[in-house]
1. Quick one: would you say MET350 is in contact (Cβ under 8 Å) with a residue 60 or more places away in the chain, assigned to a loop (DSSP other than H, G, I, E, B) and among the aliphatic types (A, V, I, L, M)?
2. Among the numbered criteria (1) under 21 Å from GLY91 (Cα atoms); (2) at pLDDT below 95, which one does ASN308 miss?
3. Yes or no: segment 297-314 includes at least one residue that is open to solvent by less than 40 Å² (accessible area, probe 1.4 Å), in a helix (DSSP H, G or I) and among the charged types (D, E, K, R).
4. Under 6 Å by Cβ, and 6 or more places apart or on different chains, what pairs join a residue from segment 177-199 that is within 12 Å of ALA60 (Cβ to Cβ) with one that is of a type in the set (Ser, Thr, Tyr) and open to solvent by less than 10 Å² (accessible area, probe 1.4 Å)?
5. Could you check ALA170 against (1) touching a residue at least 24 places away in the same chain (Cβ under 8 Å); (2) more than 16 Å from the chain's Cα centre (by Cα); (3) closer than 30 Å to GLY294 by Cα and say which number it fails?
6. Is there a residue being more than 16 Å from the ligand (Cβ to nearest atom), open to solvent by 10 Å² or more (accessible area, probe 1.4 Å) and in the same structural domain as MET74 (by TED's automatic domain parsing) anywhere in segment 142-151?
7. I'd like to know if segment 90-102 contains one or more residues that are open to solvent by 20 Å² or more (accessible area, probe 1.4 Å) and modelled with pLDDT under 95.
8. Condition test on ALA138, is it modelled with pLDDT of 95 or more, in contact with a helix residue (DSSP H, G or I) (Cβ under 6 Å, 6 or more places away or on another chain) and outside any strand (DSSP E or B)?
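The values are calculated or read from the model by the stated rules, or taken from the named source; none is laboratory data. Small disclaimer: the values here were computed from a predicted structure and weren't measured. In this analysis, Cβ positions are derived from the backbone assuming ideal geometry, glycine residues included, and neighbour counts consider all displayed protein chains. Just so you know, the surface numbers come from the protein's heavy atoms only, side chains and all, with ligands and any DNA or RNA stripped out. Shrake-Rupley method; radii C 1.70, N 1.55, O 1.52, S 1.80 Å.
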Amino acid sequence: MTNDKMILLNPGPVNLSDRVRNALLCPDLCHREVEFSQLQSRIREQLLQVYDLEGDRWAAVLLTGSGTAAMEAMVSSLVPRNGKLLVIENGVYGERLSKIAKIHDINYITLSHPWDAEIDIKGLIKLLDENTDITHLAVVHHETTTGRLNNLIEVAAICQQRRIELLVDAVSSFGAEELNFTDWGITACAATANKCLHGVPGTSFVILRRDALLLANTIPRTLYLDLATYCQQQDKGGTPFTQSVQTFYALAEALQEMVEAGGWRARHRSYSQLANLVRDGLASIGIKPLLSSGSSSVVLNAYYLPDNFSYEEFHDQLKAQNYVIYSGQGNLAQSVFRVSTMGAITQADMERFVSVVEKIIALVT
Ligand SMILES: *Cc1c(COP(=O)(O)O)cnc(C)c1O
């Protein structure tokens with residue numbers, strides 16, 4: 001182990017600021033004491049404030065678990081037993097939404113695409129015309145598999161026209177991409193502390209329209225992940241189960257830091273600068289992106305591996321220089337690598353990254 005800082009370019013967990021890391025050292029706290037209750041209520045308000053949501057119409061429900069816990073809580077709690085779900089898939093996370101539906105025995109169908117494809121809006125309309133019994137639609141906002149920012153605005157408009165409840169996996173976009181809950185008619189969205197919010201892994205959350213709980217399952221499908229139970233108890237300052245107290249401290253600090261830096265719009269701008277710096281720098285040495293910049297999020301981009309490198313070799317050489325890149329998944333595992341610019345990293349970190357890549361490639365050509 002060296003003491004040098006590893007720069008994490010994987011899509012979470014992200015590099016922490018000193019301020020967030022130090023928050024982990026706050027006093028030991030029982031989750032049944034008033035201090036915890038205040039901390040939890042503060043985070044719930046801070047999360048709604050990220051996108052200016054009103055507490056009487058919206059609720060943030062905090063869970064202990066990674067982003068997948070929030071996805072599973074959202075889908076299993078909000079689709080009622082007599083409901084029918086349509087899942088849009090164009091990557092690993094869309095497919096995960098379907099797996100969740102399947103495991104919980106939810107009545108669902110899918111609109112599947114190849115992983116590098118954008119959502120087929122005409123196909124979506126056709127499928128909904130053929131299946132007028134669909135009550136809920138689940139979609140990934142930023143599909144981290146490829147870095148694609150899905151066309152949520154268009155999907156949301158279609159759901160609004162047809163009065164379909166819209167469930168969004170915004171795990172890797174919440175805090176850095178636009179999410180207009182009210183105008184787009186979002187019912188609920190799942191997200192996490194340790195991606196664009198720069199907190200510690202261990203806390204995830206669902207932001208939901210309060211009236212969605214009225215339509216939800218009255219007989220829960222799950223004990224641990226039932227959102228109605230969490231929401232009721234959190235509204236009273238309680239929690240059904242032990243929460244990850246230290247992670248909560250870190251999330252409160254990360255959210256405060258984000259507000260001071262100018263909120264999600266400022267974070268969007270700074271990610272965008274870093275992503276463009278990497279994209280332009282890699283392009284100048286012949287490394288091509290998987291998707292055009294117009295289709296990509298500002299959070300993560302996938303690139304084709306340089307010639308004559310396996311992913312493992314490229315990864316290991318970069319790691320020796322303190323950069324951790326991320327592999328492609330499935331079919332993309334041997335052809336792409338991914339670079340996320342989330343977390344407490346700087347322009348200088350990414351400028352050095354580009355020059356390190358340049359040197360590594362120059363050695364083999
Ligand atoms: C990271 C991520 C998740 C959740 O992954 P965890 O490993 O459970 O945190 C879900 N959806 C998307 C789009 C993601 O990027």
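1. No, not satisfied.
2. The number of the failed condition is (1).
3. Step one: list which residues in segment 297-314 are open to solvent by less than 40 Å² (accessible area, probe 1.4 Å), which gives 297-303, 305-306, 309-311, 314.
In the following step, the residues that additionally are in a helix (DSSP H, G or I) were identified as 311, 314.
Okay, now just the ones that are also among the charged types (D, E, K, R), so none.
No, segment 297-314 contains no residue that is open to solvent by less than 40 Å² (accessible area, probe 1.4 Å), in a helix (DSSP H, G or I) and among the charged types (D, E, K, R).
4. ALA193/THR203
5. (2)
6. no
7. no
8. Here the answer is no, as ALA138 does not meet what is asked.
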